[in-house]
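Trainee: Before I ask anything, let me first share the structure, which is written out below as structure tokens.
The values are calculated or read from the model by the stated rules, or taken from the named source; none is laboratory data. These figures come from a predicted structure and were not determined experimentally. Note that we place each Cβ from the backbone using ideal geometry, even for glycine, and neighbour counts take in every protein chain shown.
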Amino acid sequence: MDISKAFPSRARIAMTAFLAITVALITLSISTDAFSTVPTKNSLSLSTSTMQQFTSSTRLEMNKKGKSKSKPKKKSGSSSPKGFAAALRDLQEKGFKFSGDVRPGKQSPQRVVNNPRIIVPDYAVDGQPKNRGPLLPWLIEVKKPEEIAKMRISGRIAREVLDIGARAIRPGVTTDEVDRAVHEACLERGGYPSPLNYHGFPKSCCTSVNEIICHGIPDDRKLVEGDIINLDITCYVDGYHGDCSEMFMVGECDDAAKRLIQTTYDSWVKSLEFVKPGRDYKDIGAIIEDHIVPKGYSTVKNFCGHGIGSVFHTAPNILHYRNNEPNGQMAAGHTFTIEPMICEGTNRPITWTDQWTAATADGGRTAQFEHTLIITPDGVEPMTAKIPGHSKVQFWEMESEVHKGFWLGTTPAGRARAAKFLEELQQGVLP
């Protein structure tokens, strides 16, 4: 899940100013607590700007275990205002020019987490993350073995929940029904659905249909034959987040939708294959862009991948387009997401009046895939890997020119598992 809007060209200016101020404060012996407050705004997708690491909802923080009981509260400005605020929003919606065919539906009441055994994130009650991670984009946390073990569990649960949500996707089903399935599956596994009340987000997952780039809010709109949908799941388990998303077709889709999804998937897998210790994070974007642009597609620049762990969104920023941002170098123990958003037409987003839903400005469709990754000494592994025999096998996985079958990482063990699964799949041993 990606998090906020950005201005990458200003990043170096912002960092230079920040460093200059830091030096001045040290000289004056002023406490660094002066930097302890970071303004926020509604957003679930990590900013593509390093400057936004100091000024946006990206909130580079370290979560602590929250209270074990949570009934999320909606903050002012959430997606279901009342009274004058509701009337004002209705007026805004009447005058809002939607770019495509998808329209907002009616939202059900926000779901709650009342199980005292479930550890909740520090924003569960008031919507505001509390603690910080590193202030500079190249300062990337190296996870300890015990943290990696916990993240493998949260990643596995996120994948299981995504698979369960996917089974609900079919014509006639509402995205709110998908959200309910996701919410219940997450709680059944002892997890908290990370999007729920994160900066006030009203639901437990994101369902982005057709022209919706990201942050689609589940509601009573029914899915229709020919829709494409991205289901974005994050689960918080025992103090750590696992984040993944995948595309799904609703019934049968047209050839243009299939080409978009295939191109997005292949560009994503190419970028995954690039990851290993010693390489620069900034080089990921060029791999994606070089694959999709010759095919006539564009990559969104306003949202990006992100570091993840006990903090939902932290360093490094993973930009999905060619850039020269100083976002650090890959090393064993880094955990982060790659999640390119690829568009049929323009990559410019517009934001709906709910202040969450981001749609393409021209109404063109968009596709996205995401894994939570862990860099190891000999490659990279997806902590949210698809599960042979459990996860749905998609046509773009079998028809990929980059990697056929499930992508299970670049380590020798991951390659072996993927090869074995593909062989069994081709022999009809697995469903």
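Trainee: Might you let me know whether segment 152-164 holds any residue that is closer than 23 Å to ARG103 by Cα, modelled with pLDDT of 95 or more and either surrounded by fewer than 24 Cβ atoms within 10 Å (Cβ to Cβ) or not aromatic (Phe, Trp, Tyr) (or both)?
Mentor: No, segment 152-164 contains no residue that is closer than 23 Å to ARG103 by Cα, modelled with pLDDT of 95 or more and either surrounded by fewer than 24 Cβ atoms within 10 Å (Cβ to Cβ) or not aromatic (Phe, Trp, Tyr) (or both).
Trainee: Quick one: would you say THR346 is part of a loop (DSSP other than H, G, I, E, B) and at pLDDT 95 or above?
Mentor: Against the criterion (part of a loop (DSSP other than H, G, I, E, B) and at pLDDT 95 or above), THR346 qualifies.
Trainee: Quick check: is even one residue across segment 298-315 in contact with a strand residue (DSSP E or B) (Cβ under 8 Å, 6 or more places away or on another chain), aromatic (Phe, Trp, Tyr) and closer than 22 Å to MET151 by Cα?
Mentor: Yes, segment 298-315 contains a residue that is in contact with a strand residue (DSSP E or B) (Cβ under 8 Å, 6 or more places away or on another chain), aromatic (Phe, Trp, Tyr) and closer than 22 Å to MET151 by Cα.
Rundown of residues vs (1) in contact with a Leu (Cβ under 9 Å, 6 or more places away or on another chain); (2) without any contact (Cβ under 8 Å) to a residue 24 or more places away in the chain; (3) surrounded by fewer than 24 Cβ atoms within 10 Å (Cβ to Cβ), yes/no style:
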site	(1), (2), (3)
ALA181	no, yes, yes
GLY190	no, no, yes
ILE213	no, no, no
PRO218	no, no, no
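Trainee: Among (1) in contact with a Ser or Thr (Cβ under 7 Å, 6 or more places away or on another chain); (2) at positive phi, there is one condition ASN210 misses while meeting the rest; what is its number?
Mentor: So the condition that ASN210 fails would be (1).
Trainee: While we're on this one: Mind telling me which of the residues LEU260, LEU231 ends up being farther than 17 Å from THR175 by Cβ and buried (at least 22 other Cβ atoms within 10 Å of the Cβ)?
Mentor: LEU260
Trainee: Taking the stated definitions as given, is ILE288 within 27 Å of TYR236 (Cα to Cα) and among the aliphatic types (A, V, I, L, M)?
Mentor: No: the conditions fail for ILE288.
Trainee: Would you pick out the residues in segment 322-343 that are outside any loop (DSSP other than H, G, I, E, B), closer than 18 Å to VAL300 by Cα and among the polar types (S, T, N, Q)?
Mentor: Within segment 322-343, just THR337 meets the criteria.
Trainee: Looking at (1) surrounded by 16 or more Cβ atoms within 10 Å (Cβ to Cβ); (2) out of contact with any strand residue (DSSP E or B) (no Cβ under 6 Å at 6 or more places or on another chain); (3) in contact (Cβ under 8 Å) with a residue 24 or more places away in the chain; (4) not polar (S, T, N, Q), find the lone condition where PHE406 falls short.
Mentor: (3)
Trainee: Of everything in segment 269-317, what is outside any helix (DSSP H, G or I) and over 16 Å from the mean Cα position of the chain (by Cα)? Give them in sequence order.
Mentor: VAL275, LYS276, PRO277, GLY278, ARG279, ASP280, GLY296, TYR297, SER298, listed by residue number.
Trainee: Taking the options HIS334, HIS390, name whichever one is closer than 19 Å to TYR281 by Cα and not aliphatic (A, V, I, L, M).
Mentor: Being closer than 19 Å to TYR281 by Cα and not aliphatic (A, V, I, L, M) holds for just one of HIS334, HIS390, which is HIS334.
Trainee: Count, please, the residues in segment 250-268 that happen to be touching a Lys or Arg at 6+ places or on another chain (Cβ under 8 Å) and outside any helix (DSSP H, G or I).
Mentor: Of the residues in segment 250-268, 2 are touching a Lys or Arg at 6+ places or on another chain (Cβ under 8 Å) and outside any helix (DSSP H, G or I).
Residues checked against (1) surrounded by fewer than 19 Cβ atoms within 10 Å (Cβ to Cβ); (2) free of Cβ contacts under 8 Å to residues at least 60 places away in the same chain:
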| position | (1), (2) |
| --- | --- |
| THR372 | no, no |
| ILE375 | no, no |
| MET383 | no, no |
| LYS386 | no, no |
| VAL402 | yes, no |
| ARG415 | yes, yes |
| GLU424 | yes, yes |
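Trainee: Right, something else. Could you list, in sequence order, the residues of segment 399-417 that are under 24 Å from the mean Cα position of the chain (by Cα) and of a type in the set (A, V, I, L, M)?
Mentor: Matches in segment 399-417: VAL402, LEU408.
Trainee: Out of segment 362-408, which residues are of a type outside the set (Phe, Trp, Tyr), in contact with a Pro (Cβ under 8 Å, 6 or more places away or on another chain) and within 20 Å of ASP227 (Cβ to Cβ)?
Mentor: Hit for segment 362-408 is GLN368, nothing else.
Trainee: Identify all residues within segment 330-379 that are hydroxyl-bearing (Ser, Thr, Tyr), farther than 24 Å from LEU408 by Cα and under 15 Å from the mean Cα position of the chain (by Cα); write none if there are none.
Mentor: Passing the criteria: THR357, THR366.
Trainee: Against the definition (assigned to a loop (DSSP other than H, G, I, E, B), surrounded by fewer than 18 Cβ atoms within 10 Å (Cβ to Cβ) and touching a Ser or Thr at 6+ places or on another chain (Cβ under 9 Å)), how does VAL102 come out, yes or no?
Mentor: Here the answer is no, as VAL102 does not meet what is asked.
Trainee: With the checklist (1) closer than 14 Å to TYR240 by Cα; (2) among the charged types (D, E, K, R); (3) part of a loop (DSSP other than H, G, I, E, B) in hand, flag the one item LYS130 doesn't pass.
Mentor: (1)
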